[in-house]
Amino acid sequence: MYRMYLTLEQVDMVKAAVFVKRVEEDNTRSDGPEVGIFPSLKYTSWNGDRYGPLVIPHTGMKIIVNDSTLNFYGETIRLYDHNKDVRIENGKLFIDSQPVSEYAFKQNYYFMVGDNRHDSLDSRYWGFVPEDHIVGKALFIWLSLDEEADVLHKVRWGRLGNIIR
């Protein structure tokens, strides 16, 4: 599958190619909400292009626990913040069977965005990445392409091998 940004005239040319099986319009980047986006659509109408704002949790950050904050942070607390026996029921958070009305995060989290944003399933879809899940660090640019350039000028040679600071 390829995603291309084409005029109607170009679409007709692509459809006419003998090796093309199917051409479909992609509406995932519309103005409306996108199914599968993080967090759930209960309190947002976000999509891959129109996303946020979102506060990324960090060590010591406190939230008041309610249905809205649990929509944004509940699964992160339940799955990654080193708690035992966490339940979320009816817009309430329980830790060790005790109701919690305010919560302080125990570690830092990151929001990861893929380098090919329109074709990346990243934190916009699967949420925050806990600091203790990060196992490496990017050091340099391996390859940099200009999608709008012709074949002979596609590689951005001036960026290859540059150190990432």
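Go through the range 20-79 and name the trypsin sites (Lys or Arg not before Pro) that are in a DSSP coil and have 16 or fewer other Cβ atoms within 10 Å of their Cβ. Filter output for the range 20-79: 21, 22, 29, 42, 50.
Remark on residue 93: its backbone amide H falls under 5 Å from those of 100, a criterion applied only to residues 5 or more positions apart or on other chains, H modelled at 1.01 Å from N.
From the square roots a ≥ b ≥ c of the eigenvalues of the alpha-carbon gyration tensor of the range 29-95, which class results: rounded (a/c under 1.5), prolate (a/b over b/c), or oblate?
Numbers: a/c = 2.40, a/b = 1.88, b/c = 1.28.
Prolate, because a/c is 1.5 or more and a/b exceeds b/c.
Applying the Karplus relation 6.51 cos²θ - 1.76 cosθ + 1.60 with θ = phi - 60° to the range 127-135 yields 3J(HN,Hα) values of x, 6, 9, x, 4, 6, 9, 7, 10 Hz, where x marks Gly and Pro. Across every direction, the projection of the convex hull enclosing the Cα atoms of the chain has a mean area of 13.7 nm². Relative intensity of the range 4-44 on a log10 scale, I(q)/I(0) at q = 0.29, 0.31 Å⁻¹, equals -1.03, -1.11, per a Debye sum over C-alpha point scatterers of equal strength in the absence of solvent. Rounded to the nearest whole Hz, the Karplus-based 3J(HN,Hα) values (6.51 cos²θ - 1.76 cosθ + 1.60, θ = phi - 60°) of the range 137-142 follow the sequence 9, 5, 10, 8, 7, 7, with x at glycine and proline. Annotation: the residues 140, 111, 105, sorted from fewest to most other C-beta atoms within 10 Å of their own C-beta, follow the order 140, 111, 105.
What 222 nm value per residue comes from the helices of the chain, counting each DSSP H run with n ≥ 4 as -39,500 (n - 2.57) and dividing by all residues, nearest 500 deg cm²/dmol?
Values: 3 runs with 27 residues, N = 165.
It comes out at -4500 deg cm²/dmol, rounded to the nearest 500.
Between the helical axis of 67-80 and the longest alpha-carbon principal axis of the chain there is an angle of about 90 degrees. By definition, a body whose alpha carbon gyration tensor gives a ≥ b ≥ c is prolate when a/c is 1.5 or more and a/b is larger than b/c, and the range 58-118 fits this prolate description. Assuming R0 = 35 Å, what is the FRET efficiency of residue 98 and residue 42, from their Cβ-Cβ distance, to the nearest 0.05? Using R0 = 35 Å, I get an efficiency of 0.90. Applying the Karplus relation 6.51 cos²θ - 1.76 cosθ + 1.60 with θ = phi - 60° to the range 34-51 yields 3J(HN,Hα) values of 10, 5, x, 6, 9, x, 4, 6, 4, 10, 9, 10, 6, 9, x, 9, 10, 10 Hz, where x marks Gly and Pro.
Residues whose amide H falls under 5 Å from that of residue 108, counting only those 5 or more places apart or on a different chain, are 59, 131, with hydrogens built in the peptide plane. Between residue 89 and residue 125, how high is the FRET efficiency from 1/(1 + (r/R0)^6) when r is the Cβ-Cβ distance and R₀ = 25 Å? Nearest 0.05. Between residue 89 and residue 125 the formula returns 0.50. Between the amide H of residue 144 and those of 156, distances stay under 5 Å, these residues lying 5 or more places away or on another chain, with hydrogens modeled in the peptide plane.
State the extension gain, in nm to one decimal, for the chain segment bounded by residue 20 and residue 68, taking 0.36 nm per residue of separation less the distance between their alpha-carbons.
Details: separation 48, 0.36 × 48 = 17.28 nm, distance 4.55 nm.
Gain on stretching residue 20 to residue 68: 12.7 nm.
Bear in mind these aren't lab numbers, they're just calculated from the coordinates by the rules spelled out. Model, not experiment: these values are computed from the prediction. Cβ coordinates were reconstructed from backbone atoms using ideal geometry, including for glycine residues, and neighbour counts include every protein chain displayed.
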